[in-house]
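Visitor: Can you read through this structure? Questions will come right after.
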Amino acid sequence: MPKKQQKGRGGWLFLGLVLAGYGLFYLVKPDEISQALTFFTHVMRQVLPVLGIVFLLLFISNLLLKPKWIKRYLGKESGTKGWGMAVLGGILSIGPVYVWYEVLAELKTKGMRTALVATFLYSRAVKLPLLPLMIYYFGLTYTLVLCLYLVVFSVINGILIERLMPSKT
């Protein structure tokens, strides 16, 4: 069982320093700070729905995916089934990649192999909705060869990552 990490106050300290900095700059350049805060609220309106999706995915994965299941299908003993699930999952995954980082980190803490995390992320390069367009512009042979290379190299990438970063368990 992994040890719980102690959380420090560094995040709160950083937040306090940033807010103090904004306060000081507001005294000197109030127009620029107003623009920065407007930009910040615009960005937050875009990011918050994505964070909501991330938390929903984490909630669902915590309900459905138990560590025993993850270790069996995505752990060290998963074999070719695990590789296939990582490749297929990466190809079928949608949305921005940063949504998947937290989900994959959670799966990794429950027993997913580092190699399969890397394979999942690399195989995201195969974009199913764009395949017809790629076939139109580059031809069927090129598209198939490129997708095959992407899948093969996603597995090679996973193997290399696992060798470079051995598991601590």
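The values are calculated or read from the model by the stated rules, or taken from the named source; none is laboratory data. Since we're looking at a predicted model, the values are computed, not measured. FYI the Cβ positions are ideal-geometry reconstructions off the backbone, even for glycines, and counts take in every protein chain you see. Side chains included, ligands, DNA and RNA excluded: accessible areas come from the protein's heavy atoms. Shrake-Rupley method; radii C 1.70, N 1.55, O 1.52, S 1.80 Å.
Visitor: What pairs can you find where one residue is in the stretch 19-31 and free of Cβ contacts under 8 Å to residues at least 24 places away in the same chain, the other is in a helix (DSSP H, G or I) and charged (D, E, K, R), and their Cβ atoms are less than 8 Å apart, with a gap of 6+ or different chains?
Guide: F25/E32
Visitor: May I ask you to list the residues in the stretch 23-34 that are open to solvent by 90 Å² or more (accessible area, probe 1.4 Å) and of a type outside the set (V, I, T)?
Guide: L24, F25, Y26, L27, K29, D31, E32
Visitor: State all residues of the stretch 75-89 that are closer than 15 Å to I159 by Cβ and open to solvent by less than 50 Å² (accessible area, probe 1.4 Å); if no residue qualifies, say none.
Guide: Filtering the stretch 75-89 for residues closer than 15 Å to I159 by Cβ gives 76, 78-80, 82-84, 86-87.
Correct list: S78, G79, G82, W83, G84, A86, V87.
Visitor: Could you run through the stretch 107-134 and say how many residues are basic (K, R), exposed (fewer than 15 other Cβ atoms within 10 Å of the Cβ) and assigned to a helix (DSSP H, G or I)?
Guide: Looking only at the stretch 107-134, we keep the residues that are basic (K, R), and these are 108, 110, 113, 124, 127.
After this cut, where a residue has to be exposed (fewer than 15 other Cβ atoms within 10 Å of the Cβ) as well, the list is 127.
Subsequent filtering for residues that are assigned to a helix (DSSP H, G or I) retains none.
Looking only at that region, the number is 0.
Visitor: Another question, if that's okay. Going through the stretch 135-169 one residue at a time, which ones are within 18 Å of Y122 (Cβ to Cβ) and surrounded by fewer than 11 Cβ atoms within 10 Å (Cβ to Cβ)?
Guide: Answer for the stretch 135-169, where residues must be within 18 Å of Y122 (Cβ to Cβ) and surrounded by fewer than 11 Cβ atoms within 10 Å (Cβ to Cβ): R163, L164.
Visitor: Please find, among L37, L104, L15, L48, the residue that is crowded, with 16+ Cβ neighbours inside 10 Å, in a helix (DSSP H, G or I) and either free of Cβ contacts under 8 Å to residues at least 24 places away in the same chain or in contact with an Asp or Glu (Cβ under 8 Å, 6 or more places away or on another chain) (or both).
Guide: Exactly one residue qualifies, and that residue is L104.
Visitor: Just wondering, is there one or more residues in the stretch 147-168 that are touching a Leu at 6+ places or on another chain (Cβ under 7 Å) and free of Cβ contacts under 8 Å to residues at least 40 places away in the same chain? Don't jump to the end; show me each part of the working.
Guide: Residues of the stretch 147-168 that are touching a Leu at 6+ places or on another chain (Cβ under 7 Å), as a first pass: 158.
So of that shortlist, the ones also free of Cβ contacts under 8 Å to residues at least 40 places away in the same chain come out as none.
No: zero hits.
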